[in-house]
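Each remark here refers to the structure printed beneath this line.
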């Protein structure tokens, strides 16, 4: 082994072993074909593409190519209610894909919900796709463990999401682990250091252990990520033309409502400090906030997407908004959830009320240009709730109304901070990706992407 080969073996960025020169469908845009071809050649890859850039046609094209290359089957995992939508998309693009409700494996592409993964065997599939793969960031969760264990036994793997690691590095580590590259803790120990200067994880003595990039490791870390992931928020991030994909204007308005009652022991209203006080503030002001939100939606005659966080909020909003409103709640069966989502998407219901954790991933509601929500500390929820409507393919300006009590001003400020941090992190990922793929070594490869320049 020569020295260059030795360095390559240590880089965690080895070349892929996937199929090359696959015939790709003509419906793909140029940047989509570029990403699909790269993901196929890599074999195990992640595509972090913004909402509306065509992740569904890309994952369908990838799955179809794997089926043809291996003469085997591919399993596509999706959030609730997205499976039916994806089957319709496959029909539109002329790709054969069928939905599975009870663990049946169809020839070619089988689409099912994450909740039904336990019904399948990995040995029945040559490839597996995780749509909206940000579900993996719950790295202590049983669902993440189930998905990772399943994927570990399948040769070809694809992760697909719009919001990779918006505020921390958890999702990148769990994504790498699911793809079979560095495990989450291996990633931390290689590129990061923690407050205790050891390899501990989780909590110790009740304190959260925070990990920070080592001083010399920021560049190598992002270049390692780009060895198995591609990220884009617009085609020009990959050197393609943005002309076809220009988002309409987005406006956001904050509405601060005055609480009718004071917190226990208080003589006048103050911003809630700490999660406990913020939760109490939210519950104490349910009626005031719901009244304001309902007033913004009632009587407009236009579709509206209403996000809430508490059962009491959802029930009260459903009552206030009346007959043209449908609420999707956690107590609904999967089938009933899908019926209600489709009712809103098809225009049978003018207003949809639901929680982000139920409906904020994967669904397309470009027919709606009005989003209303209460703030939370989750940037990902904030991002996804808006992106159900404000996405490529939306033809009208989108307006977002955020309703908070006067005691929740701190939550709004924290959300703005997280949004700015997410923009910086995604910009780093895109910049390092472009640096990595632009480097060529003519002596070893011709007209191909090669190992990152930091080797």
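The values are calculated or read from the model by the stated rules, or taken from the named source; none is laboratory data. Quick caveat: nothing in here was measured; it's all calculated off a predicted structure. For neighbour counting, all protein chains shown are included, and Cβ atoms are generated from backbone atoms with ideal geometry for every residue, glycine included.
Among the residues of the range 90-101, not one is modelled with pLDDT under 90 and closer than 19 Å to residue 160 by Cα.
Residues being modelled with pLDDT under 75, under 30 Å from residue 373 (Cα atoms), in the same structural domain as residue 395 (by TED's automatic domain parsing) and in a loop (DSSP other than H, G, I, E, B) are entirely absent from the range 240-259.
Taking the criterion of being under 15 Å from residue 122 (Cα atoms) and surrounded by fewer than 13 Cβ atoms within 10 Å (Cβ to Cβ), the only residue of the range 92-106 that qualifies is 104.
Just wondering, is there one or more residues in the range 360-371 that are in the same structural domain as residue 314 (by TED's automatic domain parsing), under 17 Å from residue 289 (Cα atoms), touching a helix residue (DSSP H, G or I) at 6+ places or on another chain (Cβ under 7 Å) and surrounded by 23 or more Cβ atoms within 10 Å (Cβ to Cβ)? Yes, that holds for at least one residue. Looking only at the range 229-243, residues that are crowded, with 21+ Cβ neighbours inside 10 Å and without any contact (Cβ under 8 Å) to a residue 60 or more places away in the chain come to 0 in all.
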